[in-house]
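Written below as structure tokens is the structure these notes are about.
The values are calculated or read from the model by the stated rules, or taken from the named source; none is laboratory data. Being a predicted model, the structure only gives us computed values, none of them experimental. Here the Cβ positions follow ideal geometry from the backbone for every residue, glycine too, while neighbour counts run over all protein chains shown. Accessible surface areas use protein heavy atoms only, side chains included; no ligands, DNA or RNA. Shrake-Rupley method; radii C 1.70, N 1.55, O 1.52, S 1.80 Å.
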Amino acid sequence: MSTSTAPHDETDPKSRPLNPLVNPLLTDLYAITMAYAHWRNGRHRETATYELFFRRNPFGGEYTVFAGLEECVKLLHAFRFTDEQIEFLKTQVHLQHADPAFWPWLRSVDCSSVKVTAVREGTIVFPRIPLLLVEGPLAVCQLLETPLLNAINFPSLVATNATRFRQAAGADKMLIEFGLRRAQGPDGGVSASRYAYMGGFDYSSNVLAGQLCGVPLNGTMAHAFVQSFQGRADLQSTTLLSPPPEEAEAPLADNVFALRAELGWLNTHEGELCAFIAYAQAFPSSFLCLVDTYDAIKSGVRNFLLVALALLRIGYRPIGIRIDSGDISYLSKVARAEFGDFSVRMGVNFRRLMIVASNDINEPTLLSLRQQGHEVDAFGVGTHLVTCQAQPALGCVYKLVLVNEKPRIKLSQEVEKMTIPGCKRAFRLHNSAGAPVVDLLQHMEEPPPLPGQRILCRHPFQESKRAYVTPSRVEPLHTVVWDGAFTAAYRPPFLDLAALRAFVMEQVARLREDHMRPINPTPYKVSVTNELYTRLHAAWLEESPIPEIN
């Protein structure tokens, strides 16, 4: 392995991983012990190819959103053991008696001899398609296994989860990620916010994700703010600067209480009303209130309307309400009706003020609400999104498929866990309507498929499952993203998050609806060429021991 080092500008934020924990020690001890064993046997420089892929789509669906590639490439750029890390490893019981010559070698390790080919980030992907092909020295590629899996598994799971929430809510609904308080630690919280936005959410409440990743921020008050007010005595300020050109103080509190008396709404909670007045004085241009602290309809909605009308009369347009408990469908319909009645009574147009709903929302809840014909305009989603409660892990694996140009296969009594040996590439075959119909894996030495060419597509393990496909368009799925350094095809500044989000939405729009449906979706076909099928089954027979029956 080469000991030359590429320059590492650790001060450049565009070359640093998002998560500072993504470093060579973010690995399993066995990866380092295997690297030592390869080094001890003199095999560490032998060339190897690993593939990173998954076996099943998550959440019972038939698609996955590939995410985390940018972090992988930044990891490759920054991958280097420090003196401090080496000293720590020397203290571990498995390595205390390692050959002293191993440590200078490990200190010299970087990714200058590694080549990575990958699917474009944001692409809709399917089982067995290699998301990454990692080629390089055997021991170095082994060291990369866990950091790369960590950088892809959770991001892809969250992005897929977010896309499913987007499909369940509908394209016309706003989605806000509210999950930081329930996320798996600060690093999981930032990652969840980033990849939820990439998967189709519109905003996050996570301020750090806004700073680090450019995720648009949004949020509103919590119940504690409302509870902190008991009455008018808690209003330290009762006026608001009205918009230009008057630039005069408007007696907002007086106006609100006068309206309350005029309308006879004297039974609403006074502390809640004062909380709304205080919030309106602080945020007159973005006035959106949490209305269910005491009683959503009898108190919350009416108190909101009082302050909203007072704001409107001095030139500010109120935004709406948030409901965080109860029967969301019913409460949203009643609130919408209240908006309509108030509009008629007061001669204003509040009918389409925004209604936001939260309250532990998951994908089945969104699907149920659509069936009920709710009146919600936006959803705040937290726990079920960022922790992926419906499925805790994607299950990407990292498997050796080639050593010194010799194909390697992993056998198993579970056919699903078998690997397809050799170095491969993938192509997406589209029909005349522009929809993807098959992803085709072929050996690297085969010529690429061509549009208009009739292609035999085979199931890798079931001989009778095969079909001919004549694609109208052939899309190569793999690009070299790292070749000892950033490549011309993939280098800083990387595509910004908004562009990645748009690309995901474009991918989703292209996929057939039967592949996207949440219940009983049609499986998407991932096939191999006849040549790759033959190579796979030859390797299968060659590596399978023949039992002897006595």
Once phi is turned into θ = phi - 60°, what whole-Hz ³J(HN,Hα) does the Karplus curve with 6.51, -1.76 and 1.60 give for every residue of the range 451-464, x standing for Gly and Pro?
x, x, 8, 6, 10, 7, 10, 10, 5, x, 10, 10, 4, 7
Note down the accessible area of ASP496, probe 1.4 Å, to the nearest 10 Å².
90
If PHE59, PHE225 are ordered by their accessible area, calculated over protein heavy atoms with a 1.4 Å probe, which sequence runs from highest to lowest?
PHE225, PHE59
SASA check, SER527, accessible area w/ 1.4 Å probe, all protein chains in place, rounded to nearest 10 Å², comes out at 10
Which of ALA258, SER527, LEU312, positive extreme of dipole for the chain (C-beta unit charges)
SER527
What accessible area per residue, rounded to a whole number of Å², is obtained for the chain using a probe radius of 1.4 Å?
44
Gain upon complete extension [GLN453, ALA224; 0.36 nm per residue less C-alpha separation]:
76.0 nm
Dipole magnitude of the range 294-415, debye to nearest 20 (Cβ charges: Lys/Arg +1, Asp/Glu -1, about Cα centre):
340
Quote the FRET efficiency, to the nearest 0.05, computed for LEU263 versus GLU475 with a Förster distance R0 of 51 Å and r equal to the Cβ-Cβ distance.
0.25
Placing +1 at every Lys and Arg Cβ and -1 at every Asp and Glu Cβ, with all other atoms neutral, what dipole size does the range 131-218 have around its Cα centre, in debye to the nearest 20?
320
FRET efficiency, 1/(1 + (r/R0)^6) with R0 51 Å, evaluated for ASN550 and LEU495 via beta carbons
0.25
On a 1.4 Å probe surface of the protein chains, which of LEU52, LEU456, LEU241, LEU288 comes out largest in accessible area, and what is the full order?
LEU241, LEU456, LEU288, LEU52
Describe numerically, in nm with one decimal, the distance between label points set 7 Å from Cα along Cα→Cβ at GLU463 and at THR91.
5.9
Placing +1 on the Cβ of each Lys and Arg and -1 on the Cβ of each Asp and Glu in the range 287-385, which of SER343, TYR330, ALA296 has its Cα farthest towards the positive end of the resulting dipole?
SER343
For the range 190-321, state the average projected area of the convex hull of the C-alpha atoms over all orientations, rounded to one decimal in nm².
9.4
Per residue, the convex hull enclosing the Cα atoms of the chain spans a volume in Å³ of 214
Under the 0.36 nm per residue contour assumption, what length would be gained going from the current alpha-carbon distance of ARG317 and LEU235 to full extension?
27.3 nm
Stretched out fully, how many nm does the piece from GLU543 to ALA393 gain, at 0.36 nm a residue minus the Cα gap?
50.9 nm
Links that overshoot a 27 Å alpha carbon limit, given the list LYS90/LYS406; LYS115/LYS410; LYS74/LYS424:
LYS90/LYS406
In degrees between 0 and 90, to the nearest 10, how far off the longest principal axis of the chain does helix 363-372 point, with axes built from Cα atoms?
50
Computing the accessible area with a 1.4 Å probe over protein heavy atoms, can you report the carbon and sulfur percentage for the chain?
51
Given the rule -39500 (n - 2.57) for each run of at least 4 DSSP H residues, summed and divided by the residues of the chain, what is its mean residue ellipticity at 222 nm, to the nearest 500 deg cm²/dmol?
-11000 deg cm²/dmol
By how many degrees, 0 to 90 and rounded to 10, does the Cα axis of helix 145-169 deviate from the longest principal axis of the chain?
40
Report, in debye and to the nearest 20, how large the dipole of the chain comes out about its Cα centre when Lys and Arg carry +1 and Asp and Glu carry -1 on their Cβ.
1280
Given a Förster radius of 22 Å and the C-beta distance between THR487 and GLU405 as r, what FRET efficiency does 1/(1 + (r/R0)^6) yield to the nearest 0.05?
0.45
Of the candidates CYS111, ALA538, ALA35, the farthest towards the positive dipole end of the chain (Lys/Arg Cβ +1, Asp/Glu Cβ -1, centred on the Cα centre) is ALA538
